1. How would you classify segment 65-161 from its alpha-carbon gyration tensor, with a ≥ b ≥ c the square roots of the eigenvalues: rounded for a/c under 1.5, else prolate if a/b is greater than b/c, otherwise oblate?
2. Treating only the Cβ atoms of Lys and Arg (+1) and Asp and Glu (-1) as charged, compute the dipole magnitude of the chain about its Cα centre; round to the nearest 20 debye.
3. Can you tell me which of 30-41, 90-101, 11-22 comes out highest on packing, and rank the rest after it, using the mean Cβ neighbours within 10 Å?
4. Which of the lysines could be linked to residue 254 by a straight reach, that is with a Cα gap under 26 Å, when you skip same-chain ones fewer than 8 residues away?
5. At 222 nm, what value in deg cm²/dmol follows for the chain if DSSP H runs of at least 4 each add -39500 (n - 2.57) and the sum is divided by all its residues, to the nearest 500?
6. How large, in Å, is segment 110-256 by the Kirkwood hydrodynamic radius built from its alpha-carbon pairs?
7. With +1 on each Lys and Arg Cβ and -1 on each Asp and Glu Cβ, and nothing else charged, work out how big the dipole of segment 136-208 is about its Cα centre, in Debye to the nearest 20.
8. Which shape class applies to segment 181-256: rounded if a/c is under 1.5, otherwise prolate when a/b exceeds b/c and oblate if not, where a ≥ b ≥ c are the square roots of the Cα gyration tensor eigenvalues?
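What follows draws every value from the coordinates through simple rules; no lab data is involved. The shown structure was predicted, so the numbers you read here are calculated from the model rather than taken from an experiment. Using ideal geometry, Cβ is built from the backbone for each residue, glycine included, and neighbour counts are taken over all protein chains shown.
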Amino acid sequence: MLHEIQNGYVKTETHNHITTIEFFHPQSNSLPFKILEELATEIHAAGNDSETKVIILRSLGDNAFCAGASFDELLAIKTKEQGLEFFSGFAILINEMRKCSKLIIARVHSKCVGGGVGLVAAADYAIAAEGAEIKLSELTIGIGPFVVGPPIERKLGLSAFTQLAIDATLWRNADWARRKGLYAELHPDITGMDESIHRLAEALVHSSLPAMKEMKKNFWQGTDHWDKLLMERAAISGTLILGDEAKKALEKYKKK
């Protein structure tokens with residue numbers, strides 16, 4: 001238990017054909033490479049599990065849904081190869097979500113930053129609670145939202161994505177995210193959000209699995225090139241994170 005509190009975890013449970021994948025990290029549910037890797041593994045496994053009809057992706061706690069990339073690991077990157085390896089974690093996870101044959105519901109209970117926004121955008125349906133503000137902060141640390149850009153642009157449109165990417169210090173409220181299409185539903189409290197997630201998951205359990213599989217193929221039509229694209233984007237981020245501006249910005253954030 002102490003190890004999980006210090007280093008975070010990914011846990012998966014399946015009940016009545018609903019697979020819930022939960023992640024946690026003590027630094028506001030940030031995403032070190034290990035958690036990115038485990039999430040991708042669990043998404044892949046659930047997609048191939050005959051007992052699973054729908055997937056719910058959630059994080060633990062009352063604070064942030066996801067704070068994005070781990071600053072500790074970003075600071076530890078010393079070479080382009082290490083940078084590519086770290087950011088490839090986001091690329092692989094997003095592609096696993098995209099290619100997973102099961103529909104993925106994201107439970108967004110609170111604030112969402114950077115890579116966390118990309119995670120929500122890569123889900124097929126996101127249900128949020130009031131207070132689930134979003135921000136793409138990458139430019140403030142000397143890089144940009146390159147790997148997570150394609151799923152966010154696909155879900156919100158180019159205009160909204162560029163607004164988030166350029167004004168990297170401004171929080172957009174949950175209603176803005178709902179109106180732009182990131183959230184399918186926005187509820188005034190956690191209880192209402194969870195009731196709606198349960199309602200939808202139960203409805204999907206009793207829906208045609210082959211039909212949902214074909215629907216998902218259609219939803220993600222035109223993204224077959226993402227396996228290559230997202231890795232190219234990971235290389236861009238992996239190079240930029242080595243710059244002096246990025247290192248100084250990360251050190252400044254760490255001291256806060």
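1. prolate
2. Approximately 580 debye in magnitude.
3. 90-101, 30-41, 11-22
4. Once the sequence-local lysines are set aside, what remains near residue 254 is 34, 78, 80, 111, 135.
5. -16000 deg cm²/dmol
6. 16.8
7. Charge dipole, segment 136-208, about its Cα centre: 280 debye, nearest 20.
8. Oblate, since a/c reaches 1.5 and b/c is not below a/b.
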